[in-house]
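The structure appears right after this line, and notes come after that.
The values are calculated or read from the model by the stated rules, or taken from the named source; none is laboratory data. Everything numeric in this text was worked out from a predicted model, so none of it was measured. Cβ atoms come from the backbone with ideal geometry, glycine included; neighbour counts cover every protein chain shown. The area values use the complete protein model at the heavy-atom level, side chains included, leaving out ligands, DNA and RNA. Shrake-Rupley method; radii C 1.70, N 1.55, O 1.52, S 1.80 Å.
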Number of protein chains: 2
Amino acid sequence: MAKTVVPEQRRRRRRPTRGGTVLSEQLIIDTALRLLREHGSTGLSARRLGLALDCDPSALYRYFHGMDELTLAIGDALIGQALDGWSATGDGRADLRAIGLRIHAAYVAHPQAALLTASRVTGRAHELAADEAIIGVLRAGGFPLTATVRIYHAFIDQTLAFAALDAGALALPRSARRADEDIWESTYARLPAGDYPRIAEAAPRLAHEMVRSAYPSALDMLLDGAFLAALGATASSAGATGERQ
Amino acid sequence: MAKTVVPEQRRRRRRPTRGGTVLSEQLIIDTALRLLREHGSTGLSARRLGLALDCDPSALYRYFHGMDELTLAIGDALIGQALDGWSATGDGRADLRAIGLRIHAAYVAHPQAALLTASRVTGRAHELAADEAIIGVLRAGGFPLTATVRIYHAFIDQTLAFAALDAGALALPRSARRADEDIWESTYARLPAGDYPRIAEAAPRLAHEMVRSAYPSALDMLLDGAFLAALGATASSAGATGERQ
DNA sequence: CTCCTTATGCCAACACCATTGACCTTAGAA
DNA sequence: TTCTAAGGTCAATGGTGTTGGCATAAGGAG
């Protein structure tokens, strides 16, 4: 078994490391976040963290069962950060847009943690508060329960999914990330128009578009779809059925 | 520099390994997919691959410049599978819907591989073909270039993002997955209506809704938004439900 | 103020990982 | 048949997370 981890509350002895730092769960999380921000996204490892905290890497295992648990602890803090200070304005569409952008931003600011966290359901306080807020906005906006649940699901999963996708791009080693971005200019922009007429035509705009997150656009389209459909408009007039299976 | 990689077409000599297997790009990719399925998303490494192929890990570097390039090749194989046999019907919205569902399905069918590749840009043949198809559908549907690029970006990223999110859920260890799903009945369904009135009200429907993928719904909303906006409607001016409660 | 327990930091080691350069064998063109 | 270089192998480098054993000092008990 691993080393014994004492819950932060029950910690009594605080023995300084050889370098003089006094460790704590909070200090470790903060330092990890700093490492992630400063030293790039590959910059978090037990060894580096030990270096930054001036302690042996193995000392971290007195506070977390493993790097995985540390990452989850970081992720847990993110959810709280995202909606801290938010309040409804009464404009349902604008409120949902703001909530989505906030959550997305908080996750993307810490890509590693986002990757491990985004597809999990925690059932913890901050998550519950966010869900209550979202459903509240929809109900207050006059959506019936069935539509509310459907839109809530699409909305929250779209937000988390994009957060994870964009975080995934940010979490790549610098070289791979550069390579991915360069492809739009090195490959897509030089395709023979004979073989790929559509891409060739759109290439210059693609190079500009694809290096940014599509989340704001996608969010707007999803909200447009949800709110316009509520007005009685149907996409069938544009040649399709809005029905879901 | 690394070892020299000869493009698959120009390969002339096929020297069997010590164990008798004859390597090829295709065989390596297939074996990698098998390893991912069997051993989980962390189960793919040069060493394990070498073991499975009965060759030295370093032999792989004659076929790919590094594990990263292999990962991209795996991703491209998935896209290829997804659009194999697809052809346009002329109904733009329906075509996009079909493409989205196909790609989503292909990724979800290989959750471990999806996690590794969903956020990558490969620039390889199958990816190019898919992009050409999507942009082609939009242009043929009459969208101007600016709108085309914006919708294309939102569409493809949303598809990949949901694929990765849903793959992430499927890739969880069975126990963690059960736990995540149970939260909707154990936690959300039992919240005090006083503290969480909106969730309490929606709880029964949520329990049914949240165990399925939201991608089809979200896809429909996004397409509705894109195609309806093209008709001149805008949700911001409409704002009926958001107008005031 | 001293003693004793034990929490906690440190060390060394283990088992992985990707990648590389030198080597050697043999496929297949000439 | 020869002979070059493609392609498989070996050994080594420097990275990772993690663990068992040990030393030490924190802080309660007397």
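Taken over region A:91-106, the residue count meeting the criterion of being surrounded by fewer than 20 Cβ atoms within 10 Å (Cβ to Cβ) and touching a residue at least 24 places away in the same chain (Cβ under 8 Å) is 2. Only residues that are part of a helix (DSSP H, G or I) and either open to solvent by 50 Å² or more (accessible area, probe 1.4 Å) or within 10 Å of DNA strand D (Cβ to nearest atom) (or both): list them for region A:9-36, please. A:GLN9, A:ARG10, A:GLU25, A:GLN26, A:LEU27, A:ASP30, A:ARG34, listed by residue number. Residues that are modelled with pLDDT under 50, open to solvent by 10 Å² or more (accessible area, probe 1.4 Å) and not in a loop (DSSP other than H, G, I, E, B) within region B:212-241 comprise B:SER236, B:SER237, B:ALA238, B:ALA240, B:THR241, listed in sequence order. Of all residues in region A:132-171, those that are within 17 Å of B:LEU165 (Cβ to Cβ), among the acidic types (Asp, Glu) and at the interface with chain B (Cβ under 7 Å from one of its Cβ atoms) total 1. Do the conditions hold for B:ALA161, that is, is it touching a residue at least 40 places away in the same chain (Cβ under 8 Å) and open to solvent by less than 30 Å² (accessible area, probe 1.4 Å)? Spelling it out, B:ALA161 is indeed touching a residue at least 40 places away in the same chain (Cβ under 8 Å) and open to solvent by less than 30 Å² (accessible area, probe 1.4 Å).
Under 9 Å by Cβ, and 6 or more places apart or on different chains, what pairs join a residue from region B:55-67 that is near DNA strand C (Cβ under 8 Å from one of its atoms) with one that is open to solvent by 60 Å² or more (accessible area, probe 1.4 Å)? Note: pairs meeting the criteria are B:ASP56/B:ARG18; B:PRO57/B:ARG47; B:PRO57/B:ARG48; B:PRO57/B:LEU51; B:SER58/B:LYS3; B:TYR61/B:LYS3; B:HIS65/B:LYS3.
Residues satisfying the criterion are absent from region A:31-46 (criterion: more than 30 Å from the chain's Cα centre (by Cα), within 13 Å of DNA strand C (Cβ to nearest atom) and either within 30 Å of A:VAL108 (Cα to Cα) or more than 14 Å from chain B (Cβ to nearest Cβ) (or both)). Output yes when any residue across region B:179-186 is modelled with pLDDT under 90 and in contact with a Gly (Cβ under 6 Å, 6 or more places away or on another chain), and no when none is. Yes: region B:179-186 contains one or more residues that are modelled with pLDDT under 90 and in contact with a Gly (Cβ under 6 Å, 6 or more places away or on another chain).
Take region A:37-71 and flag every residue that is more than 9 Å from DNA strand D (Cβ to nearest atom) and either surrounded by 18 or more Cβ atoms within 10 Å (Cβ to Cβ) or β-branched (Val, Ile, Thr) (or both). The answer is A:SER41, A:ALA52, A:LEU53, A:CYS55, A:TYR63, A:THR71.
Residue by residue, here is whether (1) of a type in the set (D, E, K, R); (2) over 18 Å from the mean Cα position of the chain (by Cα) holds:
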site	(1), (2)
A:LEU27	no, yes
A:ARG48	yes, yes
A:ASP54	yes, yes
A:GLY66	no, yes
A:LEU72	no, no
A:ILE79	no, no
A:ILE99	no, no
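In this entry, B:ARG150 passes the filter for residues that are at pLDDT 95 or above, in the same structural domain as B:ALA94 (by TED's automatic domain parsing) and open to solvent by 60 Å² or more (accessible area, probe 1.4 Å).
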